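Scroll down for the structure; my scribbles are underneath it.
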Amino acid sequence: MRRMVWTAACRMGFEEIDSQHRLLFAISNELLEISNPKSQEPEIKYLLRHLRDYVEKHFSYEEKFMEEKKFPGLSDHKQKHQKIVAEINNALTGSASMSALKESLETLLDGWVQSHILVEDKKYADWAKFHKIID
Ligand SMILES: [Fe+2]
């Protein structure tokens, strides 16, 4: 099972946001490690709910942070956040079997966590570096 590996490329340079992102990787990896989805439905549901709740908390922290710094891409970024939360909720309430859901989790988690950090959050980090908000 492919784990999500935290690398230097995932660092945004803001300590609190980086540590929240690392926790998202950890929750995602727990989901990826589920080996028997049929008998582990309660764990999958629990972890997905935990991921959804933590993602919401993290997104509101990140949005407030970007707002304070007057990041011009904030409204676009907020929409991406809303889409991710809706997709997690769909996975939680959808009718897919646990095996099918587990099968799709590698792709879903990659989009929700890894790609979002590497592509979307990076846009903010690059903007912040350019404007010397961080060095
Ligand atoms: Fe984000």
Checklist outcome for this item: Of the residues His50, Ala125, Val5, the Cα lying farthest along the dipole of the chain towards its positive end, which is defined by charges on the beta carbon of Lys, Arg, Asp and Glu, belongs to Ala125
Checklist entry - Considering the zone a paramagnetic label at Ala8 would reach in this model (a point 7 Å from Cα along the Cα-to-Cβ line), which residues of segment 114-135 have amide N under 12 Å from it? => result none
Next on the checklist: Could you report the chain's accessible area per residue, 1.4 Å probe, as an integer in Å²?
Outcome noted: 56
Checklist entry - Once you charge only the Cβ atoms, +1 for Lys and Arg and -1 for Asp and Glu, what is the size of the charge dipole of segment 38-132 about its Cα centre, to the nearest 20 debye? => result 240
Checklist entry - Once both axes come from the Cα atoms, what is the angle between helix 15-32 and the longest principal axis of the chain, in degrees from 0 to 90, rounded to 10? => result 20
Checklist outcome for this item: Residue separation between Lys78 and Glu30 times 0.36 nm, minus their alpha-carbon distance, gives in nm 14.7 nm
Next on the checklist: Just the number: Rg to Rh for the chain, Cα atoms, Kirkwood Rh, two decimals.
Outcome noted: 1.00
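Counting helices only, and only those DSSP H runs with n ≥ 4, report the 222 nm mean residue ellipticity of the chain as the sum of -39,500 (n - 2.57) divided by its residues, in deg cm²/dmol to the nearest 500. Display every interim value, and only then the final one.
Details: 5 runs with 87 residues, N = 135.
One gets -21500 deg cm²/dmol as the mean residue ellipticity at 222 nm.
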Checklist entry - When the accessible area of the chain is computed with all protein chains present and a 1.4 Å probe, what percentage of it is carbon and sulfur? => result 52
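For Asp110 and Glu56, calculate 0.36 nm times their separation in residues minus their Cα-Cα distance, and state this gained length in nm to one decimal.
17.7 nm
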Checklist outcome for this item: Once normalised by the length of the chain, the mean sequence separation of its alpha carbon contacts under 8 Å that are 6 or more apart gives a contact order in percent of 34
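The values are calculated or read from the model by the stated rules, or taken from the named source; none is laboratory data. Everything numeric in this text was worked out from a predicted model, so none of it was measured. Cβ: placed from backbone, ideal geometry, glycine included. Neighbour counts: every protein chain shown. Ligands, DNA and RNA are stripped out before the accessible areas are found, and what is left, the full protein with its side chains, is counted by its heavy atoms. Shrake-Rupley method; radii C 1.70, N 1.55, O 1.52, S 1.80 Å.
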